[in-house]
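Heads up: the structure comes next, in structure tokens.
Only the coordinates and a few stated rules stand behind these numbers; no lab work does. No experiment lies behind these values; they were computed from the predicted model shown. Using ideal geometry, Cβ is built from the backbone for each residue, glycine included, and neighbour counts are taken over all protein chains shown.
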Amino acid sequence: MALARTHSVALVGVEGHLVEIEADIAHGLPATILVGLPDTALREARDRIRAAIVNTGESWPQTKITVGLSPASLPKRGSGFDLAIAVAILAAADAVPLSSPAGKMFLAELGLDGRLRPVRGVLPAVVAAEPSLDTVVVAVENAAEASLVPGVRVVAAGSLQEVAMWLRGGPLPTPPAPSAQQREPGASSPKPRKLDLAEVLGQSEARLATEICAAGGHNLSLLGPPGAGKTMLAERLPTILPKLESAAALEVTSIHSVAGTLPPGAGLLTEPPFCAPHHTASKAAIVGGGSGIIRPGAASLAHRGVLFLDEAPEFGRDVLDALRQPLEAGEVIIARSAMCARFPARFTLVLAANPCPCAKASPGGAGCECSPAARRRYLGRLSGPLLDRVDVKVRLQPVNRREMLYDRKFTETSAVVAERVAAARERAARRLRDTPWRLNAEIPGAQLRGSFSPERGALRSLDRAMELGQVSARGADKIVRVAWSVADLAGIPRPGAGDVEFAIGLWLGVTR
Amino acid sequence: MRAKDVLGRDGEQAAVDYLESCGFRILDRNWRCADGEIDIVAVERHTFVVCEVKTRSGTRYGTPLEAVGRTKRTRLRRLAVRWLIAHGIRFDQIRIDVVGLLYEGTGGFTIQHIRGVG
């Protein structure tokens, strides 16, 4: 009898694809048919929507209803299509004006009582809808997230009844609260306690290495006895990183939205994320995956931030080696039979490890019960190819009380270091302004040897190290990149012999 | 006779009256065999029609039309063939219809007629 159209969005990874939902009401025995590759959760929508429509006080059409989701070849998952399907059926049944849902996107799960429930991934969905649709209807809980996208009118509703009234020309459902305050950068995620780099006492070299990594986006490995401050340092790395730019913040917020880790009511995430998975984490938990809906893993949740692997040798070897590809490509691609999901994963990797499995305060010295073979086996779990991708390796020494007291005079707060890091990044960005890269760590090897090479003669010691077989070709590139970061921090236009030698030291893990 | 059977009988009579007013020629009513029962056997022009009648006093347990499921529809088709064999008649077209009746309290029914469901 009638055909009605609405729109919603299907997510593949963090990419949204616009889905057109058609409801056709025809003569025949009462039946509801859902076509267009729905998964189990979406198939259940049929019963949810029916209960929601009846409990809202509308009548369920006693005829044959065919609901089509197109493009039909795209697998559609989850409960976010509920509202769009319900509105399409109401429009086809003439309960709301047939053309009223045109140009609008509906994205919410329905409760049996007709309530709208929030769904994951609203931000990337609205981004996908924005070019072609001007209005999105979401649950109240999702309103703040949806309104992060400029140029879209967000209608937040509490129930299907409110949506139906509004489509009939009634008043706008509960107007979304002014989200200006929530959109204020930095207002997001109130931290219980502000961490500060000044709290790490007695590890001046490690602090410097952390600063260099923050400036150039280099990967860092911290090796040292328990209690030396490895975890403290890693946790404080985000505090000296600059805030995310708007494009990066949108990417990061999208990933966290899809993962469902966005704090409720929070605006755009502007702090660089810090992700520290436990060492029992599976490969899927780190790089992403899962059956049915593909979820981003810790590597993607740490996008534009820090991925910290504490007790790195305790991680499964295949888990660590799965990180090699995202470390190179800056993204994770998960292939499934029906689709291919892409998650950005450009993070700074921080590894922390004890020098031996017994983890007594001074390895090889008093109290350590590990044989040299056991020690070697323990660290050998970190595969060569992985360590080859770590630019800066620091060996932390246990600190005594006198050193800690003495160092108190020299520690700098995160704010001071962050300022230097920002200046160094600015310097690098200005140098790289005609290229697609922003950080020293992102410059490909060819350009490094061409337009961004250090001073003449500065590479002599690097050549010698390569001849001795201490440094691989990839390692040599990494050393030059770190040397650039050292020069940027010092404010030198081009790294000299000293900077390169310092970078070789950081690469080989001998700074003393 | 129980109240539900009275309702069913009244509903069937109302369905017959309705079909006749639509130009159906009724051949048989409540024909039984080992497989089950056909409520109404009728002819509309050149089509042989087996008609299932469902009467309900309210929609608390679903509407009358919803009560005719897939198994019921396939059985009706089987019964249609059985009737034709038993009576030695041949038709080019066979159709299954459903007439749903909802009792309206004052003796009247709301009638919904759906053609060709099987």
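A straight Cα-to-Cα reach below 26 Å connects A:LYS76 with the lysines A:LYS64, A:LYS104, A:LYS283, residues fewer than 8 places away in its own chain not being considered. Kirkwood radius, the stretch A:20-70, all distinct C-alpha pairs, inverse of mean reciprocal distance: 11.5 Å.
Once both labels are positioned 7 Å from their Cα atoms along Cα-to-Cβ, the gap between A:GLU205 and B:ILE26 label points is 10.4 nm.
Of the residues A:ASP24, A:ASP82, the one with the fewest other Cβ atoms within 10 Å heads the list, and the complete ranking is A:ASP24, A:ASP82.
Give the residue list of chymotrypsin sites (Phe, Trp or Tyr not before Pro) in the stretch B:32-89 that are DSSP loop and have at most 13 other beta-carbon atoms within 10 angstrom.
Details: sites: B:PHE48, B:TYR61, B:TRP83; in loops: B:TYR61.
Hits after loop and neighbour filter: B:TYR61.
Taken over the alpha carbons of the stretch A:14-132 as equal point scatterers, the Debye sum produces base-10 log I(q)/I(0) values at 0.16 Å⁻¹ of -0.73. Counting Cα-Cα pairs of the stretch A:231-389 in 10 Å increments starting at 0 gives whole-percent bin shares of 10, 35, 32, 15, 6, 1. Put simply, the amide H of B:GLY116, placed in the peptide plane, has neighbours under 5 Å in B:ILE96, B:ASP97, B:VAL98, leaving out anything fewer than 5 places away on its chain. Our coupling estimate for the stretch A:203-217, obtained by passing each phi through the Karplus curve with A = 6.51, B = -1.76, C = 1.60 and θ = phi - 60°, is 10, 5, 5, 5, 5, 5, 4, 4, 5, 4, 5, 5, 5, x, x Hz, Gly and Pro reported as x. The share of Cα pairs per 10 Å bin across the protein assembly as shown, counted from zero up to the longest distance, runs 3, 13, 18, 17, 13, 11, 8, 6, 5, 4, 1, 0 percent. Scanning residues 5 or more positions from A:VAL9 or on other chains, those with amide H under 5 Å from its amide H are A:VAL19, with H placed 1.01 Å from N in the peptide plane.
Shielding value for A:21-33 is 3, the average number of Cβ atoms from other chains within 10 Å of each residue's Cβ.
Around the amide H of B:THR55, modelled in the peptide plane, lie the amide H atoms of B:LEU101, all under 5 Å away and 5 or more residues distant in sequence or on another chain. Loop-located trypsin sites (Lys or Arg not before Pro) in the stretch B:72-110 (DSSP state not H, G, I, E or B) with no more than 14 neighbouring Cβ atoms inside 10 Å: B:ARG90. Here the label points at B:GLU104 and A:THR280, each 7 Å from Cα along the C-beta direction, are separated by 6.8 nm in the simple model.
Loop-resident trypsin sites (Lys or Arg not before Pro) (DSSP state other than H, G, I, E or B) in the stretch B:1-60 with no more than 12 further Cβ atoms inside 10 Å of their Cβ: B:ARG2, B:ARG45, B:ARG60.
A convex hull fitted to the Cα coordinates of the stretch A:352-484 yields 171 cubic angstrom per residue. Here the 3J(HN,Hα) profile of the stretch B:60-71, calculated from phi with Karplus coefficients 6.51, -1.76 and 1.60 at θ = phi - 60°, is 4, 9, x, 7, x, 5, 5, 6, 8, x, 5, 5 Hz, Gly and Pro shown as x.
Report, for the protein assembly as shown, the % of DSSP beta bridges that are antiparallel, rounded to 5.
If we restrict to bridges inside the protein assembly as shown, about 55 percent are antiparallel.
Here the label points at A:ALA374 and B:VAL6, each 7 Å from Cα along the C-beta direction, are separated by 9.2 nm in the simple model. Cα-based values for the stretch B:3-114, radius of gyration first and Dmax second, are 13.9, 42 Å.
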